Amino acid sequence: MRILMLSWEFPPQSVGGLSQHVFELSRALAAQEIQVDLITAGGGELPEHEVMEGIGVWRVNPYHGANERDFIDWVQRLNFALLEQGAVLSNRRGRYDLIHGHDWLVTYAARGLKHIYATPLLATIHATEFGRNNGLYTGEQRYISDIEWLLTYEAWKVICCSRYMEEEIKHVFYTPEDKIEIIPNGIRPEAYQPSNKSLFPEQLHLNPEGKIVFYIGRLVQEKGIQILLEAAPLILERFPLTTFVIAGKGPFEINLKNRTRELGLEGRVHFLGYIDDQARNDLYHAAAAAVFPSLYEPFGIVALEAMASGTPVVVSSVGGLDEIVEHEKDGLKVYPNDARSLSEQICRILAAEDWAASLTENAYAKAVNIYSWKEIARQTAELYEEIIFSSENERWQENALKKRTEGTWGEAAAKKEEREVKVPHPV
């Protein structure tokens with residue numbers, strides 16, 4: 001099978017979890033001898049074309065225009081470039097068997113290539129604008145939600161990562177249930193090994209007798225880091241040497257730092273900003289607990305990262321996190337938006353190392369056996385085959401190609417010629 005993948009982010013460029021998802025899925029598909037060509041946004045010194053672990057990667061820059069007005073403007077100009085590169089590849093290398101688009105940011109290009117080349121479109125919805133904001137309140141949010149709907153409408157099938165997201169997609173976009181497929185995110189445990197000599201906690205100048213509570217992810221309100229800050233004083237009452245380490249960047253960072261000062265937590269909370277993969281791995285292994293107190297979480301791949309690293313996890317019982325973690329068997333769950341509940345469960349981990357270790361054994365087994373990328377790629381490849389070799393797809397392609405030569409388009413051209421014959425041109 002020959003698959004054309006579209007994603008606005010791809011390593012080494014990473015904004016959220018989408019970049020790593022697309023990379024891991026693509027490399028696992030390539031390992032199963034499926035040809036994957038991927039088009040994504042370029043920038044900086046990144047090469048326009050390279051092969052990464054069997055994946056053909058093409059990077060494009062958004063069309064030039066006037067001064068960039070906003071993110072929506074940038075996305076639209078990126079889609080022009082994605083569409084152009086997709087057409088070049090299709091004309092040069094032959095029509096693809098299927099187009100796989102990730103999230104609303106590639107909708108226009110994906111839809112255009114679908115209809116130009118009569119190629120079925122599969123969409124993965126990683127999150128929705130409605131879910132991220134707990135509603136739609138601005139014109140921009142409604143616009144993005146409309147484009148998300150268009151992607152689900154144009155797609156042959158829609159992949160989501162959890163039962164929670166399935167219900168959200170049905171509720172927000174009125175997508176038929178038989179059009180939605182649940183395929184979770186995956187994990188590759190070997191990618192989370194610590195360095196030979198971890199720099200943590202020494203690099204942070206922490207008390208070696210203290211313990212680290214670790215968060216990594218985007219610094220946005222829906223991730224609930226503010227709840228962790230509210231819980232910190234309660235935890236410090238019982239474990240005064242605890243240090244809270246927060247890694248990641250995002251628009252909520254200033255608010256979080258201001259709240260840290262208001263709570264008198266300077267020196268107890270460390271904001272590291274963006275960290276590379278090795279620092280991430282070292283922190284997972286140095287931490288006594290990895291905490292993800294999200295208010296909205298379609299899946300929660302960071303929980304799988306911690307589980308694969310052997311780090312005890314504490315998560316809020318929302319979205320995909322609620323489905324990944326089984327309370328008191330492979331992690332702990334807390335009530336959403338509840339600082340006291342969060343502090344109590346973190347303290348349980350800090351107080352009982354042996355019990356916490358038993359949780360991590362179960363968690364690691366789950367991550368390896370249920371959420372391996374090899375298994376996720378196998379499920380995805382089966383869905384590819386179901387779509388590509390379906391009789392409905394064959395009929396659709398035949399009809400689409402017929403329109404170009406014999407059907408609607410041909411009739412329109414004939415009528416145009418007829419008008420030109422009957423209507424004399426002025427001298």
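The values are calculated or read from the model by the stated rules, or taken from the named source; none is laboratory data. As the structure is a computational prediction, the values presented were derived from the model and not from experiment. Using ideal geometry, Cβ is built from the backbone for each residue, glycine included, and neighbour counts are taken over all protein chains shown. Surface areas here come from the heavy atoms of the whole protein model, side chains and all, with no ligands, DNA or RNA. Shrake-Rupley method; radii C 1.70, N 1.55, O 1.52, S 1.80 Å.
Specify the angular offset, from 0 to 90 degrees and rounded to the nearest 10, of the alpha carbon long axis of helix 277-286 from the longest principal axis of the alpha carbons in the chain.
With rounding to tens, the tilt is 30 degrees.
Sort ARG188, ARG93, ARG261 by heavy-atom solvent-accessible area, probe 1.4 angstrom, most to least.
Result of the area sort, largest leading: ARG261, ARG93, ARG188.
Only bridges with both residues in the chain count here: give the DSSP antiparallel percent, nearest 5.
Within the chain, antiparallel bridges account for around 10 percent of the total.
Kindly sort ASP70, ASP103 by accessible area of their heavy atoms, largest first, with the probe set to 1.4 Å. Working shown, then result.
Details: ASP70 70, ASP103 15 Å².
The ranking, largest first, comes out as ASP70, ASP103.
Using a/c under 1.5 as the rounded threshold, could you call segment 2-134 rounded, prolate or oblate? The axes a ≥ b ≥ c are square roots of the C-alpha gyration tensor eigenvalues, and prolate needs a/b larger than b/c, oblate otherwise.
On the way: a/c = 1.33, a/b = 1.22, b/c = 1.09.
The shape class here is rounded.
Under a 5 Å amide H to amide H cut-off, with H placed in plane at 1.01 Å, what residues pair with GLN35 once short-range neighbours are removed?
Long-range HN contacts for GLN35: ILE3.
First compute the accessible area of the chain with a 1.4 Å probe, then give the percent of it belonging to carbon and sulfur atoms.
The value for the chain is 50 percent carbon and sulfur by accessible area.
Between MET52 and SER14, what is the spin-label point distance in nm, taking each point 7 Å from the Cα along the Cα→C-beta axis?
About 1.0 nm, to one decimal.
Taking the C-alpha atoms of segment 24-68, how large are the radius of gyration and the largest Cα-Cα span, Dmax, in Å?
Rg and Dmax of segment 24-68, Cα atoms, are 13.3, 44 Å.
Run the simple label-point estimate for ALA191 and ARG77 please: 7 Å along Cα→C-beta, distance reported in nm.
Calculated label separation equals 3.1 nm.
Normalise the Cα radius of gyration of segment 224-321 by 2.2 N^0.38 Å (N = residues in it) and let me know the number.
1.06
Can you give me the Rg/Rh ratio for segment 87-131, using Cα atoms for both radii and the Kirkwood formula for Rh?
Radius of gyration relative to Kirkwood radius: 1.05.
Please give the per residue accessible area of the chain, computed with a probe of 1.4 Å over protein heavy atoms only, in Å².
47 Å²
As an exercise, use a Förster radius of 25 Å and the Cβ-Cβ distance of GLU262 and ASN133 to find the FRET efficiency, rounded to the nearest 0.05. Could you put the intermediate results ahead of the total?
Values: r = 25 Å, r/R0 = 1.00.
Working from the Cβ atoms, E equals 0.50.
Could you state the principal axis extents of the C-alpha atoms in segment 1-49, from the largest down, to the nearest angstrom?
31, 22, 14
Can you give me the angle between helix 18-31 and the longest principal axis of the chain, using Cα atoms only, in degrees from 0 to 90, rounded to the nearest 10?
Taking the Cα atoms of the chain, the angle to 18-31 is about 70 degrees.
Return the calculated 222 nm mean residue ellipticity for the chain, to the nearest 500 deg cm²/dmol, obtained by summing -39500 (n - 2.57) across DSSP H runs with n ≥ 4 and dividing by the residue count.
-15500 deg cm²/dmol
For the chain, report the % of Cα-Cα distances exceeding 29 Å.
For the chain, the fraction of Cα-Cα distances above 29 Å is 51 percent.
Need the C-alpha centroid separation for segment 211-229 versus segment 12-37, integer Å.
Here the two parts' Cα centres lie 26 Å apart.
Which one of GLN76, ALA30, GLY54 is farthest out on the positive end of the charge dipole of segment 26-78, using unit charges on Cβ (Lys, Arg +1; Asp, Glu -1) and the Cα centre as origin?
Value computed over the given set: GLN76.
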